[in-house]
Amino acid sequence: MSNEKFANIVVAIDGSDLSKRAADYAISLAKEQNAKVSAVAVVKFHQTDAFRGSTATLEKFVRKQAEIAQRWLDSARNKAEKENVRFESRVIKTRTNIPEEIIKYAMDKRSDLIIMGTRGRTGFKKVLLGSVASAVVTHAGCPVMVIR
Ligand SMILES: Nc1ncnc2c1ncn2[C@@H]1O[C@H](COP(=O)(O)OP(=O)(O)OP(=O)(O)O)[C@@H](O)[C@H]1O
Ligand SMILES: [Mg+2]
């Protein structure tokens, strides 16, 4: 293990406290390993989401959500910069599948580790492992660390 190094760490951020903790983990591990952190937030939307046909309204909604997601990523960037950790981030908009987008992003970044929370902001407190975390653990092509 001592020779193994993480070079590219991906962290998935949904604005939940646990995902912020995941970002803190990612940054401190990256500092130790001299790795880069790539942070991703996926904004999912449906045409049917309340907007009943108004494309302009939907676009406005999605833009707003993406701005909020960008703020979560910016706050992670601030922490990374304080620690002198290389950092990049992306907001991804999708109509389909959040875990799939996280996994694609991780592959794109040649990630050797994905860090995320066990739960996020949309689930029930009772559930031990959220559906996004569960799908990423199941399907990712690299190790996944889930933070509790
Ligand atoms: N849209 C997203 N973009 C980026 N990361 C996400 C997103 N959704 C979840 N995550 C990551 O997955 C972790 C677990 O969240 P998950 O969504 O699986 O649980 P949940 O919200 O409690 O339940 P649910 O299955 O209802 O969504 C979060 O802490 C975060 O790291
Ligand atoms: Mg969720």
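Summary table below
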| item | result |
| --- | --- |
| Single unsatisfied condition, Ile27 versus (1) in contact with a helix residue (DSSP H, G or I) (Cβ under 9 Å, 6 or more places away or on another chain); (2) loosely packed, with under 15 Cβ neighbours inside 10 Å; (3) not hydroxyl-bearing (Ser, Thr, Tyr) | (2) |
| Checklist (1) closer than 12 Å to Val11 by Cα; (2) more than 9 Å from ligand 1 (Cβ to nearest atom); (3) of a type in the set (A, V, I, L, M) applied to Val40, failing item | (2) |
| Only listed residue being at pLDDT 95 or above, touching a strand residue (DSSP E or B) at 6+ places or on another chain (Cβ under 8 Å) and more than 13 Å from ligand 1 (Cβ to nearest atom), chosen from Ser89, Ser111, Ser75 | Ser111 |
| Any pair with Cβ under 7 angstrom, 6 or more apart, that starts in the range 130-142 at a residue that is closer than 13 Å to Leu113 by Cα and ends at one that is surrounded by fewer than 17 Cβ atoms within 10 Å (Cβ to Cβ) | Gly141/Met107 |
| Tabulated pairs, the range 55-84, first without any contact (Cβ under 8 Å) to a residue 40 or more places away in the chain, second not basic (Lys, Arg), C-beta under 6 angstrom, 6+ apart or interchain | Thr57/Phe51; Leu58/Phe51; Val62/Phe45; Gln65/Val43; Ala66/Val43; Ala66/Val91; Gln70/Val91; Arg77/Phe87 |
| Residue among Val37, Val10 that alone is farther than 15 Å from Val132 by Cβ and surrounded by 16 or more Cβ atoms within 10 Å (Cβ to Cβ) | Val37 |
| Index of the failed condition, Thr96 passing every other in (1) more than 10 Å from ligand 1 (Cβ to nearest atom); (2) within 30 Å of Lys5 (Cβ to Cβ) | (2) |
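The values are calculated or read from the model by the stated rules, or taken from the named source; none is laboratory data. Given the structure is predicted, the values throughout are model-derived calculations rather than measurements. Neighbour counts run over all protein chains shown; Cβ positions are idealised from the backbone, glycine included.
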